[in-house]
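Asker: Structure below; questions to follow.
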Amino acid sequence: YEVHGIDIAGTAVVWARERFAAAGLRGSFHQGTVCHMPVFADGSFDIVFDGSCLHCLIGGDRGQCLAEVRRILRPDGIFVVSSMCGEPRSGDAKARFDPQTHRLMQDGHPYRTLKPLAAIEAELAKADFEVRDRSVHINPWWDHATLVCGRAG
């Protein structure tokens with residue numbers, strides 16, 4: 001397998017490179033945004049794994065990310081989404097949650113999106129993905145969904 005990764009945080013890229021080197025593995029890791037990934041050609045990947053990134057995106061960035069994933073995924077490829085979902089349960093998170101926008105706030109700014117599972121699935125369908133399998137892990141803070149998707153149609 002060839003492994004490629006992208007993260008907005010340079011520290012995460014360095015960490016990934018170090019972990020792979022320590023394990024004797026090869027991988028290519030890039031600093032950048034999942035909303036614009038020109039380093040990857042169209043149809044490059046059999047599998048694209050969202051390592052808990054989608055819930056970190058706000059507003060239009062979510063659609064841009066899904067469009068980029070669709071672009072870099074092969075026609076018969078698999079997209080695995082790992083995302084927080086549902087309303088928060090902890091008192092602290094509830095106090096910082098805007099139920100109208102489905103966003104967690106920090107210091108007056110949105111920093112996480114916690115949409116209901118059905119809304120995430122609708123968002124994926126709008127981006128021309130089809131959910132083929134799903135599981136939800138129930139947490140004391142909020143739920144976490146894993147969705148296995150392919151291209152719709």
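Asker: Hey, got the dipole for the chain? About the Cα centre, +1 on K and R Cβ, -1 on D and E Cβ, debye to the nearest 20?
Answerer: 120
Asker: Which of SER83, THR33, ALA23 sits farthest toward the positive end of the charge dipole of region 1-89, with +1 on the Cβ of Lys and Arg and -1 on the Cβ of Asp and Glu?
Answerer: It is ALA23.
Asker: Calculate the FRET efficiency for ALA93 and SER135 from the Cβ-Cβ distance with a Förster distance of 22 Å, rounded to the nearest 0.05.
Answerer: Working: r = 22 Å, r/R0 = 0.99.
Here the calculated transfer efficiency is 0.50.
Asker: Provide the FRET efficiency to the nearest 0.05 for the ASP76-ASP107 pair, computing r from the beta carbons and using R0 = 41 Å.
Answerer: Working: r = 43 Å, r/R0 = 1.06.
About 0.40, to the nearest 0.05.
Asker: Please return the longest stretch of the chain lacking exposed loop sites, where chymotrypsin sites (Phe, Trp or Tyr not before Pro) count only if DSSP places them in a loop and at most 15 other Cβ atoms lie within 10 Å.
Answerer: Numbers: sites that count: TYR1, TRP141.
Formally, the longest exposed-site-free interval is 2-140.
Asker: Where does helix 117-126 land angle-wise versus the long Cα axis of the chain, in degrees 0 to 90, nearest 10?
Answerer: So the helix axis and the longest Cα principal axis differ by about 50 degrees.
Asker: Just the number, please: carbon plus sulfur as a percent of the accessible area of region 29-125, 1.4 Å probe, no ligands or DNA/RNA counted.
Answerer: Working: 2610 of 4810 Å².
Roughly 54 percent, rounded to a whole number.
Asker: If you average the sequence gap of Cα pairs under 8 Å that are 6 or more apart and divide by the length of the chain, what percent do you get for the contact order? Intermediate results must be reported in sequence, preceding the final value.
Answerer: Values: 277 pairs, mean separation 31.7, N = 153.
Normalised by residue count, the contact order of the chain is 21 percent.
Asker: Specify which labelled value, from [x] 11, 37, 35, 16, 1; [y] 12, 41, 30, 14, 4, 0; [z] 10, 33, 36, 18, 3, agrees with P(r) over Cα pairs in 10 Å bins from 0, in percent derived from the coordinates of the model shown.
Answerer: Of the labelled values, this structure produces [x].
Asker: Restrict the search to region 87-137; then list the trypsin sites (Lys or Arg not before Pro) that DSSP places in a loop and that have at most 14 other Cβ atoms within 10 Å of their Cβ. Let's see the in-between values first.
Answerer: Numbers: sites: ARG89, LYS94, ARG96, ARG103, ARG112, LYS126, ARG132, ARG134; in loops: ARG89, ARG96.
When the trypsin sites (Lys or Arg not before Pro) of region 87-137 are filtered for loop state and at most 14 Cβ neighbours within 10 Å, ARG89 remain.
The values are calculated or read from the model by the stated rules, or taken from the named source; none is laboratory data. Remember, it's a predicted structure, so these values are computed and weren't measured experimentally. Don't worry about glycine lacking a Cβ; one is built from the backbone with ideal geometry, like all the others, and counts go over all protein chains shown. Please note that ligands, DNA and RNA were not included when accessible areas were found on the heavy atoms of the full protein model with its side chains. Shrake-Rupley method; radii C 1.70, N 1.55, O 1.52, S 1.80 Å.
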